[in-house]
């Protein structure tokens with residue numbers, strides 16, 4: 001009898017592991033597609049002089065380009081439970097595309113070499129934290145709550161520095177931003193992993209994968225932008 005129970009337990013754990021790996025692979029597939037789409041759109045538009053002139057000639061356009069992807073991400077976060085997986089998928093793609101439009105200006109501000117370097121550093125840190133968040137048995141909830149409070153703090157500090165324009169404050173904010181989003185990557189990975197253990201339909205599981213991809217996507221983008229502000233070399 002004991003052998004039968006042990007055999008059943010091992011089989012159940014094996015099925016669970018396979019399902020979890022498939023679910024997490026789906027999350028990272030969506031995230032990778034989103035990042036690739038953002039990079040392609042951003043780089044393509046950065047080579048359009050007409051678009052760049054339009055972007056830098058009007059503060060209103062710059063704000064619209066920031067607010068549109070921000071609004072889509074908020075809407076997707078709040079309403080994903082009530083929408084179809086297909087709609088969530090297209091909203092995520094639209095969001096990644098719009099953010100690519102917004103980020104096209106970084107190619108005019110920073111050198112291509114420093115952008116590539118910041119991307120490499122970000123990718124290494126992000127991958128390390130994803131692996132840690134996935135394999136660790138330590139509950140990161142307390143750490144995550146602390147990091148979210150820190151995130152609110154640097155957002156307030158960033159807004160204040162728009163008016164102060166302190167280069168020293170910007171450097172400190174960038175360093176703290178890198179630390180916060182490095183930690184949030186591990187926390188969000190663990191949280192996304194926990195979503196899998198809820199009983200769901202295939203539709204709900206797909207929506208959770210998209211939502212998880214959005215969270216990790218935002219962690220990567222923010223980590224990259226803070227790293228770029230810290231490591232990037234500005235064009236003359």
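The values are calculated or read from the model by the stated rules, or taken from the named source; none is laboratory data. The structure displayed is predicted, hence computed values, not measured ones. All Cβ positions, even for glycine, are placed from backbone atoms using ideal geometry, and neighbour counts span all protein chains on display.
For the range 96-129, filtered to residues that are within 30 Å of residue 71 (Cβ to Cβ) and not in a helix (DSSP H, G or I), the residue that is modelled with the highest pLDDT is 110. Screening 27, 18, 68 for residues that are modelled with pLDDT of 70 or more, in a helix (DSSP H, G or I), under 30 Å from residue 133 (Cα atoms) and in contact with a helix residue (DSSP H, G or I) (Cβ under 7 Å, 6 or more places away or on another chain) leaves exactly one candidate, 27. For the range 166-181, the criterion of being farther than 21 Å from residue 69 by Cβ and not in a helix (DSSP H, G or I) is met by at least one residue. Scanning the range 165-184 for residues that are in contact (Cβ under 8 Å) with a residue 40 or more places away in the chain, surrounded by fewer than 20 Cβ atoms within 10 Å (Cβ to Cβ) and farther than 15 Å from residue 228 by Cα yields a count of 0. Out of all the residues in the range 189-227, which are closer than 16 Å to residue 114 by Cα and surrounded by 23 or more Cβ atoms within 10 Å (Cβ to Cβ)? Once the filter is applied, which keeps residues that are closer than 16 Å to residue 114 by Cα and surrounded by 23 or more Cβ atoms within 10 Å (Cβ to Cβ), the range 189-227 yields 223, 224, 226, 227. The single condition among (1) over 18 Å from the mean Cα position of the chain (by Cα); (2) crowded, with 17+ Cβ neighbours inside 10 Å; (3) closer than 30 Å to residue 205 by Cβ that residue 45 does not meet is (3). The criterion of being modelled with pLDDT under 80 and either at negative phi or part of a helix (DSSP H, G or I) (or both) holds for residue 55. So, residue 125, is that one touching a residue at least 60 places away in the same chain (Cβ under 8 Å), farther than 16 Å from residue 39 by Cβ and either surrounded by 16 or more Cβ atoms within 10 Å (Cβ to Cβ) or more than 18 Å from the chain's Cα centre (by Cα) (or both) or not? Criteria met by residue 125. Being touching a strand residue (DSSP E or B) at 6+ places or on another chain (Cβ under 7 Å) and in a loop (DSSP other than H, G, I, E, B) is the filter here; which residues of the range 183-234 pass it? 232, 233, listed by residue number. Scanning the range 217-230 for any residue that is modelled with pLDDT under 85 and closer than 23 Å to residue 42 by Cα turns up at least one such residue.
A quick yes/no check of all residues on (1) in contact with a helix residue (DSSP H, G or I) (Cβ under 8 Å, 6 or more places away or on another chain); (2) in contact (Cβ under 8 Å) with a residue 24 or more places away in the chain; (3) within 24 Å of residue 48 (Cβ to Cβ):
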| residue | (1), (2), (3) |
| --- | --- |
| 87 | no, no, no |
| 92 | yes, yes, no |
| 95 | yes, yes, yes |
| 101 | yes, yes, yes |
| 104 | yes, yes, yes |
| 116 | no, no, yes |
